[in-house]
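Heads up: the structure comes next, in structure tokens.
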Amino acid sequence: MNNQQVRDIAARALSSLHLAGKRVLLIVPDSTRTAPVGLLFRTIHDLIGSETRNLDVMIALGTHPPMSDEAINQRLEITAEERAGKYRRVRMLNHAWNDPAALAHVGTIKSAEIGELSGGLFAMDVDVAINRAVFDYDQLILVGPVFPHEVVGFSGGNKYLFPGIGGADILNFFHWLGAVITNPKIIGNKWTPVRRVVDRAAALVSVPRFAFCMVVHEGNLTGLFAGTPEDAWSQAADLSAQLHIVYKDRPFHTVLSCAPPMYDEIWVGGKCMYKLEPVVADDGELIIYGPHIREISVTHGTHIESIGYHTRDYFLKQWERFKHEPWGILAHSTHVRGIGSYDNGIEKPRVQVTLATQIPAEVCRAVNLGYRDPASIRVADYQNREDEGILHVPKAGEMLYRLKKSPEWAQG
């Protein structure tokens, strides 16, 4: 799509919202998502910036670290001079998921409804909180891409509210719900129990919601859908399913999954496992290759290191031991480690996950992952060897890889 097409779609959509004199908040992803967010920001600002009472931006961080002014400028594709000049009226806000004062309770999804939404997997009340700043606005506009996603099926839409700018309770609940179902059964499937929970939570937000959902393929904006977060996301997810899933004839015993620079810690770099797990052979090895990665997680590292990376059943069969841990961290742990079993005190992951990063060998061993010195890896040795059972993925984390004939454990 070219810039004029984007402008035409945005102009038609925004005119229908009648935003003159209103307070508008754009909610956009942080730098861990590939998309021309800046193009949409600049276009929307050009179209309505002079007529709205306010046009501000909030970064949907989820539980990621806050972005610096420089990083926000890069995300919005503007210079410091432009921010101080043309965009000086635009407030740039970071979400603060762990600051109770920054959150407002908007309701509770009751146990009976959670039972219906989760397909009977859970029966518990779930409190829903969101960044209270949204109630300073008359209109929320969600701007972000749609890709296959390990927790919800496909990212985007109301996911930029929950977990994007939501509180810990709803975040922890639906991440663990997705982990219990398992990544291979969730990822790349459109209508999942987690998506139902996310959309139900969003319905509790009283501020009107609108969305621009983008589909980006090979660095280009291929689709832009405007409408309610539910409708725009649905159309974008259909296109993403066509463009972002690669089907392979057979599994691979070795996968070199290369983390792009936007994944600067395993908390997000784990996507290099999530998107490739379905094509790793039983007892195979997936290597997350990221020489630039130095941390497991700036925010959650200490907690993750105390728990380690384990299969779902390791936690479920010792639930009394782990149920008080943050469920979102347990979910991350299982997603990185992959599916497997835990019987008679013995854990048996289906595949080996190895980190080839700057994270030291002793830390990798302590968290139950393999270690390779990244300097020992010659990427060329893994290229063009698919017929030998070796797969090289140069930019992992957004394209989902599946087998043409999926095993039972990968069927949603």
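The values are calculated or read from the model by the stated rules, or taken from the named source; none is laboratory data. Keep in mind it's a predicted model, so treat the numbers as computed, not measured. Quick reminder, even Gly has a Cβ in these numbers, built from the backbone with ideal geometry, and neighbours come from all protein chains shown. Please note that ligands, DNA and RNA were not included when accessible areas were found on the heavy atoms of the full protein model with its side chains. Shrake-Rupley method; radii C 1.70, N 1.55, O 1.52, S 1.80 Å.
At 37 °C and a viscosity of 0.692 mPa s, what translational diffusion coefficient does Stokes-Einstein give for region 33-154, taking Rh as the Kirkwood radius over Cα pairs? Give it in µm²/s as a whole number.
Numbers: Rh = 16.9 Å.
Calculated translational D: 194 µm²/s.
Please state, as a whole number in µm²/s, the translational diffusion coefficient that the Stokes-Einstein equation yields for region 253-334 at 10 °C and 1.306 mPa s, with Rh defined as the Kirkwood radius across alpha carbon pairs. Before the final figure, lay out each step's value.
Details: Rh = 13.8 Å.
Result for D is 115 µm²/s.
Mind putting together the pair-distance distribution for region 295-412? All Cα pairs, 10 Å bins, whole percent per bin, short to long.
Per 10 Å bin, starting at zero, the Cα-Cα P(r) for region 295-412 comes out as 11, 36, 36, 16, 1 percent.
Could you give the distance between the Cα centres of region 8-34 and region 280-315, to the whole Å?
Spelled out, the Cα-based centre of one part sits 36 Å from the other.
Take every DSSP beta bridge with both residues inside the chain and express the antiparallel ones as a percent of the total, to the nearest 5.
On the way: 20 of 63 bridges.
So the antiparallel bridges in the chain amount to around 30 percent.
Between Glu347 and Gln242, what's the calculated FRET efficiency when r is the beta-carbon distance and R0 is 41 Å? Round to 0.05.
Numbers: r = 37 Å, r/R0 = 0.91.
Efficiency, from the Cβ-Cβ distance: 0.65.
Where the only charges are on Cβ atoms (+1 Lys, Arg; -1 Asp, Glu), what is the dipole of the chain about its Cα centre, to the nearest 20 debye?
Details: 42 positive and 46 negative charges, 125 e Å.
It comes to approximately 600 debye.
Please give the charge dipole size of region 153-302, origin at the Cα centre, charges +1 on K and R Cβ atoms and -1 on D and E Cβ atoms. Round to the nearest 20 debye. Can you show the working numbers first?
Working: 12 positive and 14 negative charges, 68 e Å.
The calculation lands at about 320 debye.
Pull up all non-local amide H partners of Thr357: gap of 5 or more, or a different chain, and H-to-H distance under 5 Å with H placed in the peptide plane.
Distant-sequence amide H within range of Thr357: Gly290, Arg372.
Once amide H atoms are placed 1.01 Å from N in the peptide plane, what residues at a sequence separation of 5 or more from Leu403, or on another chain, have their amide H within under 5 Å of its amide H?
For Leu403, whose amide H was placed from the backbone, the distant partners under 5 Å are Lys248.
For region 275-284, what does the Karplus curve 6.51 cos²θ - 1.76 cosθ + 1.60, with θ = phi - 60°, yield as ³J(HN,Hα) per residue in whole Hz, taken in order and with x for Gly and Pro?
7, 10, 3, x, 10, 8, 5, 3, 6, x
Let me check against my output: what whole-number percent is the relative contact order of region 1-97, with C-alpha pairs under 8 Å and at least 6 apart? All intermediate terms of the calculation are to be shown ahead of the outcome.
Details: 114 pairs, mean separation 31.5, N = 97.
Across region 1-97, relative contact order equals 32 percent.
For region 314-345, state which trypsin sites (Lys or Arg not before Pro) are in a DSSP loop and have at most 12 other beta carbons lying within 10 Å of their beta carbon. Write down the numbers at each step before the final one.
On the way: sites: Lys317, Arg321, Lys323, Arg337; in loops: Lys317, Lys323.
Qualifying residues, ordered by number: Lys323.
How big is the chain along each principal axis, measuring the range of its Cα positions in Å and listing the largest first?
Per principal axis, max minus min of the Cα coordinates gives 63, 49, 38 Å.
Please list, in chain and number order, the residues 5+ apart from His217 or on another chain whose amide H is under 5 Å from its amide H, with Hs placed from the backbone.
Amide H neighbours of His217: Thr222.
Okay, helix-only estimate at 222 nm for the chain: each DSSP H run of n ≥ 4 adds -39500 (n - 2.57), divide by all residues, round to 500 deg cm²/dmol; what do you get?
Result for the chain, helices only: -8500 deg cm²/dmol.
Two decimals is fine: what is log10 I(q)/I(0) at q = 0.09, 0.12, 0.21 Å⁻¹ for region 99-246, from a Debye sum with one equal scatterer on every Cα and no solvent?
-0.27, -0.48, -1.30
Could you tell me the center-to-center distance, by alpha carbons, between region 342-412 and region 134-183 in angstrom?
Region 342-412 and region 134-183 have Cα centres spaced 26 Å from each other.
Sticking with the crude label model, points 7 Å out along Cα→Cβ, report the distance from Asp99 to His292 in nm, one decimal please.
2.8 nm
Taking only protein heavy atoms into account and a 1.4 Å probe, give the accessible area per residue of region 199-355 in Å². Intermediate results must be reported in sequence, preceding the final value.
Values: 6000 Å² over 157 residues.
Ligands and nucleic acids excluded, the result is 38 Å² per residue.
Taking the Cα-to-Cβ direction at Ser16 and at Lys405 and moving 7 Å from each Cα, how far apart do the two end points lie in nm?
Between Ser16 and Lys405, the label points sit 4.5 nm apart.
Which value in nm describes the separation of the simple spin-label points at Thr302 and Asp282, placed 7 Å from the Cα toward the beta carbon?
Once both label points are built, they end up 4.2 nm from each other.
Run through region 76-157 and list the trypsin sites (Lys or Arg not before Pro) located in a DSSP loop whose Cβ has at most 10 other Cβ atoms within 10 Å.
Details: sites: Arg83, Lys86, Arg88, Arg89, Arg91, Lys110, Arg132; in loops: Lys86, Arg88, Arg89, Arg91, Lys110.
Within region 76-157, the qualifying trypsin sites (Lys or Arg not before Pro) (loop, at most 10 other Cβ atoms within 10 Å) are Arg88.
Once R0 is set to 45 Å, what does the formula 1/(1 + (r/R0)^6) return for the Cβ-Cβ distance between Glu388 and Arg132, expressed as a FRET efficiency to the nearest 0.05? Spell out each step's value before the answer.
Numbers: r = 55 Å, r/R0 = 1.23.
The calculated FRET efficiency here is 0.20.
Among His300, Ala356, Leu103, whose Cα lies farthest out toward the positive end of the dipole of the chain, if unit charges sit on the beta carbon of Lys, Arg (+1) and Asp, Glu (-1)?
In the chain, that residue is Leu103.
For the chain, build the charge dipole from Cβ charges (+1 Lys, Arg; -1 Asp, Glu) around the Cα centre, then report which of Gly166, Leu276, Val207 sits farthest towards its positive end.
It is Val207.
Per the 1.4 Å probe, what fraction of the accessible area of the chain, in percent, lies on carbon and sulfur atoms?
Values: 7790 of 16430 Å².
Taking all protein chains in place, the chain shows 47 percent carbon and sulfur surface.
Residue-wise, which Karplus ³J(HN,Hα) couplings in Hz belong to region 340-354, taking 6.51 cos²θ - 1.76 cosθ + 1.60, θ = phi - 60°, and x for glycine or proline?
x, 10, 8, 9, 6, x, 10, 8, 10, x, 5, 10, 8, 10, 10
On alpha-carbon atoms, Rg over Rh for region 174-321 using Kirkwood Rh? If you can, show how the numbers build up before the last one.
On the way: Rg = 17.8 Å, Rh = 18.0 Å.
Radius of gyration over Kirkwood radius for region 174-321 works out to 0.99.
Could you tell me which of Phe41, Ser15, Pro261 has its Cα farthest along the dipole of the chain towards the positive end, charges placed at Cβ (Lys, Arg +1; Asp, Glu -1), taken about the Cα centre?
Ser15
Loop only per DSSP, at most 16 neighbouring Cβ atoms within 10 Å: give me the chymotrypsin sites (Phe, Trp or Tyr not before Pro) in region 183-225, ordered by residue number. It would help to have the intermediate numbers written out before the result.
Details: sites: Trp191, Phe210, Phe212, Phe225; in loops: Trp191.
Passing sites in region 183-225 are Trp191.
Short version: ³J(HN,Hα) in whole Hz for each residue of region 47-63, in order, from phi by Karplus 6.51 cos²θ - 1.76 cosθ + 1.60 (θ = phi - 60°), x for Gly and Pro, what are they?
Each residue of region 47-63 in turn: 7, 10, x, 7, 9, 7, 6, 9, 9, 10, 10, 10, 7, 7, 7, x, 10 Hz.
List the lysines whose Cα sits under 24 Å from the Cα of Lys271, skipping any in the same chain fewer than 8 residues away.
Lys159, Lys185, Lys190, Lys248, Lys348, Lys395, Lys404, Lys405
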